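Engineer: Got a structure here, written out as structure tokens. Questions coming.
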Amino acid sequence: MPIDWNFDDFPEAEVETPKLVTRDIIGGEIMRDTQEKGGFVYDGHSLNDVYREIDKTKNLLINAGAKKGDLVTIGIMVVDITHIGAIFACAELGLKVFILDSPATLESLPFTKLALHGPSDFHIYNSQEPTEHIYNGLHDEMMKRYGGVGIDVLEGDDTTYRTGEEVYPSDPFIVSSTSGTTGPSKPVLFSHEETMTLSERNAKVFEFKTKSKVIHSRNLHHVSAMLTHLLPALMYGYCHSSFAIGHDGSYLDTQDYRDGVADMHKETPSHIMIPNKKELHNFLSMIDSPFKHTAVEPKHECVMNINMCGFAMDEEFVQIARDYNVCFMSHYGSIDTAIPLLVNRVDKNSVIVDNSLGVLPDDYYKTTLENGRMKVEHPLWDEPRYLEDDLEYVDGLYIIHPKKRNDIEIPEGFDISPFFIDTKINYEQLRGHLKIIEKKG
């Protein structure tokens, strides 16, 4: 579907951070007051269309027996209006949304996050979205084994409005887990209150505004997609469009992908999330000239803000910024400490410092650096949390000193690429795969 970025010039939304994740966070009061003027668009749909999707999915979940505290997996891969409806339906019913990881191999399926920390009680899917090819069929197999009762969003209706039990700010909303890099994977919970305070904070860090034109390209296989992009953007921006960008390049030969990139080049978005350098190159390979200025006030001398995660930037990114009129915000942290802790802004005028992860963007977290180990504190936490990376503070920047992160012995000639997810290795799946292969002899 072509992107429709036409919208009236409304003033900036005034958003007071609520304590609960509900439909009321989408755009604040000013957006709801301007619906007749067409103030909100998501793939061409209105805010009322989003509300209907939420109600349809809530009805389906209640009819299936879902109750507050149940664990739900969202298996819809594209972040479209049905995906948004599923997220807010779960939130309003007090259900916990499980953040998946991508299955690497058949042998590693029992070591995916859903297998280790699930199974989920329900999984939500869209029967019109073909998934049998995703990860060579492993996504569907994972849902079959560990996803619980399947709920097809296309079967829902919004003729009646159903409610569940009362939801409180302290109730858990997001369930994620560590990658297993420095030890066994462990679950990490985000309450409604923490989800909202982080989203409000990240809306400022990542510069979302009322006029932002946001591309939602990443599904919920990474909690940072929810907390640094999706929810912050929905709290402020009027103009939204979905465009799936995976991590393996399998979609590159599709006309839909080429058409989507062409649409973006014609009507430049202000914000997009691209997971890693490989996918960035895939995306830019279809662009033959710089992105154009749009109605969004440019900042840092660029017109498109590209959200990337987890690594130090190099000179190549400065050159890309010059060639394509973009800028980058690479953010660093960990699922069990901070999302994000550090932010590294790179544009065409940046001077690269080797191994720099950037700066603390604000005082949201209280941090202490002792002998390379970062202690992180926040009022919503019962105790401090620690980053295991070796960091150093030099001239206002945080420098990472690479070190061996795991003692796994990789067999000679073994293809490790399926276990790379965005910018890091999924060590839990890698260990499990190697264990199974060894047993098979």
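Engineer: I need a count of the residues in the stretch 313-327 that are crowded, with 22+ Cβ neighbours inside 10 Å and within 16 Å of ASN355 (Cα to Cα).
Structural biologist: 2
Engineer: Moving to a separate point now. Of the residues LEU20, LEU60, which is modelled with pLDDT of 90 or more and more than 19 Å from GLY156 (Cβ to Cβ)? Talk me through it step by step, then tell me what you get.
Structural biologist: Numbers: LEU60 fails: more than 19 Å from GLY156 (Cβ to Cβ).
Of LEU20, LEU60, the one residue that is modelled with pLDDT of 90 or more and more than 19 Å from GLY156 (Cβ to Cβ) is LEU20.
Engineer: Let me ask another. Can you spot a residue in the stretch 369-392 that is closer than 29 Å to GLU267 by Cα and either not charged (D, E, K, R) or not in a helix (DSSP H, G or I) (or both)? Please lay out each step first, then the result.
Structural biologist: Filtering the stretch 369-392 for residues closer than 29 Å to GLU267 by Cα gives none.
No, the stretch 369-392 contains no residue that is closer than 29 Å to GLU267 by Cα and either not charged (D, E, K, R) or not in a helix (DSSP H, G or I) (or both).
Engineer: Out of the residues in the stretch 228-246 meeting the condition of being of a type outside the set (A, V, I, L, M, F, W, C) and not in a helix (DSSP H, G or I), tell me which one is nearest to PHE420 (Cα to Cα).
Structural biologist: Among residues in the stretch 228-246 that are of a type outside the set (A, V, I, L, M, F, W, C) and not in a helix (DSSP H, G or I), the one nearest to PHE420 (Cα to Cα) is GLY246.
Engineer: I'd like the residue in the stretch 347-391 that is in contact with a helix residue (DSSP H, G or I) (Cβ under 6 Å, 6 or more places away or on another chain) and surrounded by 15 or more Cβ atoms within 10 Å (Cβ to Cβ) and, out of all such residues, is farthest from HIS331 (Cα to Cα). So that I can check it myself, show each step before the final result.
Structural biologist: Let us first name the residues in the stretch 347-391 that are in contact with a helix residue (DSSP H, G or I) (Cβ under 6 Å, 6 or more places away or on another chain), namely 347-348, 350, 352, 361, 364, 380.
Cutting the leftovers down to surrounded by 15 or more Cβ atoms within 10 Å (Cβ to Cβ) gives us 347-348, 350, 352, 361, 364.
Working: ASP347: 14, LYS348: 18, SER350: 16, ILE352: 15, PRO361: 10, TYR364: 15 Å.
Once the filter is applied, the top-ranked residue is LYS348.
Engineer: Another question about this same structure. I'd like to know if the stretch 216-223 contains one or more residues that are under 30 Å from PRO379 (Cα atoms), crowded, with 20+ Cβ neighbours inside 10 Å and hydroxyl-bearing (Ser, Thr, Tyr). Please lay out each step first, then the result.
Structural biologist: Of all residues in the stretch 216-223, those under 30 Å from PRO379 (Cα atoms) come to 218-223.
Subsequent filtering for residues that are crowded, with 20+ Cβ neighbours inside 10 Å retains 218-220, 222-223.
Then drop every residue that is not hydroxyl-bearing (Ser, Thr, Tyr), which leaves none.
No, because not a single residue in the stretch 216-223 is under 30 Å from PRO379 (Cα atoms), crowded, with 20+ Cβ neighbours inside 10 Å and hydroxyl-bearing (Ser, Thr, Tyr).
Engineer: Is it the case that some residue within the stretch 228-236 is modelled with pLDDT under 90, crowded, with 21+ Cβ neighbours inside 10 Å and either under 24 Å from HIS139 (Cα atoms) or basic (Lys, Arg) (or both)?
Structural biologist: no
Engineer: Follow-up. Within the stretch 85-96, which residues are among the charged types (D, E, K, R) and outside any strand (DSSP E or B)?
Structural biologist: Our first condition is that a residue be among the charged types (D, E, K, R); within the stretch 85-96, this holds for 92, 96.
Passing the criteria: only GLU92.
Engineer: Of everything in the stretch 412-433, what is assigned to a loop (DSSP other than H, G, I, E, B) and β-branched (Val, Ile, Thr)? Give them in sequence order. Steps first, please.
Structural biologist: Initially, the stretch 412-433 is screened for residues assigned to a loop (DSSP other than H, G, I, E, B), giving 412-416, 422-423, 426.
Within the stretch 412-433, ILE416, THR423 meet the criteria.
Engineer: Okay, moving on. Please work out if HIS281 is under 19 Å from PHE420 (Cβ atoms), assigned to a helix (DSSP H, G or I) and at pLDDT 85 or above. Spell out how you get there, then give the answer.
Structural biologist: Working: under 19 Å from PHE420 (Cβ atoms): yes; assigned to a helix (DSSP H, G or I): yes; at pLDDT 85 or above: yes.
Spelling it out, HIS281 is indeed under 19 Å from PHE420 (Cβ atoms), assigned to a helix (DSSP H, G or I) and at pLDDT 85 or above.
Engineer: Of the conditions (1) surrounded by 19 or more Cβ atoms within 10 Å (Cβ to Cβ); (2) over 25 Å from ILE245 (Cβ atoms), PRO119 clears all except one; give me its number.
Structural biologist: Single failed check for PRO119: (1).
Engineer: All but one of (1) without any contact (Cβ under 8 Å) to a residue 24 or more places away in the chain; (2) under 26 Å from VAL261 (Cβ atoms); (3) of a type in the set (A, V, I, L, M, F, W, C); (4) part of a loop (DSSP other than H, G, I, E, B) hold for MET313; state the number of the condition that does not hold.
Structural biologist: Of (1) without any contact (Cβ under 8 Å) to a residue 24 or more places away in the chain; (2) under 26 Å from VAL261 (Cβ atoms); (3) of a type in the set (A, V, I, L, M, F, W, C); (4) part of a loop (DSSP other than H, G, I, E, B), only one is false for MET313: (1).
To keep it simple, each residue is scored yes or no on (1) touching a residue at least 24 places away in the same chain (Cβ under 8 Å); (2) of a type in the set (Phe, Trp, Tyr); (3) in contact with a Leu (Cβ under 6 Å, 6 or more places away or on another chain).
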{"residue": "GLU92", "(1), (2), (3)": "yes, no, no"}
{"residue": "SER108", "(1), (2), (3)": "yes, no, no"}
{"residue": "THR131", "(1), (2), (3)": "yes, no, no"}
{"residue": "GLU141", "(1), (2), (3)": "yes, no, no"}
{"residue": "LYS144", "(1), (2), (3)": "no, no, no"}
{"residue": "ASP152", "(1), (2), (3)": "yes, no, no"}
{"residue": "SER170", "(1), (2), (3)": "no, no, no"}
{"residue": "PHE173", "(1), (2), (3)": "yes, yes, no"}
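The values are calculated or read from the model by the stated rules, or taken from the named source; none is laboratory data. What you see is a predicted model; the values in this text were computed from it and never measured. Cβ atoms come from the backbone with ideal geometry, glycine included; neighbour counts cover every protein chain shown.
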